[in-house]
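Below: the structure, in structure tokens.
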Amino acid sequence: MSEDEENGAGQSEDEKLASEWEEAMQESGDSEESAEESGAEDEWAAAMAEADALGEGGGAAADDIEAAPLENFSAGAPAQAVAGLGEGGATPDLDVILDIPVTISMEVGNTSIPIRNLLQLNQGSVIELDRLAGEPLDVLVNGTLIAHGEVVMVNEKFGIRLTDVVSPSERIRRLN
């Protein structure tokens, strides 16, 4: 009997195909590459084992690790530090942001109405707002409330006199 017949006896087609591929790989010299790959796998396994040993056991490399110092932030920080000014009192360079445009709008009040009622509005229609007459207007910068005020007339033009400016901490609280 030939070698092929001995290998093929009692094997399924998949097994025969696998053994043929194995023989072909050995003949082409690719088996050396697989040996190199297994060597690389062994090196990888050794490196992983070494890393695990350093992580669990400490070792010399773990002794070289130092904790980074953290700054202490006290509750009584100076107002300059909170405002972004340095400890030396130097003011930040605001020229960078002075020319950025912002949108200021005044809100008299607001309401929600169905689209059906919106489509029925015409000249002379009255929309009821959620504010009482005499209540201050909201002053919004880019949609964020920064102040309250009242309407004034200056040289035949409308203006707004600020009556209450919202603190920065209150503005941040309203964002959340």
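In segment 121-176, what residues are small (Gly, Ala, Ser) and surrounded by 11 or more Cβ atoms within 10 Å (Cβ to Cβ)? Walk me through how you get there before you give the answer.
Keep residues of segment 121-176 that are small (Gly, Ala, Ser), which gives 124-125, 133-134, 143, 147, 149, 159, 167, 169.
Result: Ala147, Gly149, Gly159.
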Query - Residue tally, condition without any contact (Cβ under 8 Å) to a residue 40 or more places away in the chain, of a type in the set (S, T, N, Q) and under 27 Å from Ile113 (Cβ atoms), over segment 130-167 - result: 1
Query raised in the report: Looking only at segment 111-159, which residues are under 42 Å from the mean Cα position of the chain (by Cα) and on the phi > 0 side of the Ramachandran plot?
Result: Asn142, Gly143
Report summary line: Note: among Thr91, Thr111, just one is within 29 Å of Ile146 (Cβ to Cβ) and either modelled with pLDDT under 80 or surrounded by 10 or more Cβ atoms within 10 Å (Cβ to Cβ) (or both), namely Thr91
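Results for (1) under 30 Å from Ala51 (Cα atoms); (2) modelled with pLDDT under 85; (3) in the same structural domain as Glu50 (by TED's automatic domain parsing); (4) out of contact with any helix residue (DSSP H, G or I) (no Cβ under 7 Å at 6 or more places or on another chain), shown as yes or no for each residue.
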position	(1), (2), (3), (4)
Pro69	yes, yes, no, yes
Ser74	no, yes, no, yes
Pro78	no, yes, no, yes
Asn117	no, no, no, yes
Ile127	no, no, no, yes
Met153	no, no, no, yes
Query raised in the report: What number of residues within segment 124-176 are more than 18 Å from Thr111 (Cβ to Cβ) and among the charged types (D, E, K, R)?
Result: 9
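The values are calculated or read from the model by the stated rules, or taken from the named source; none is laboratory data. Values in this document were obtained by computation on a predicted structure and should not be read as measured data. All Cβ positions, even for glycine, are placed from backbone atoms using ideal geometry, and neighbour counts span all protein chains on display.
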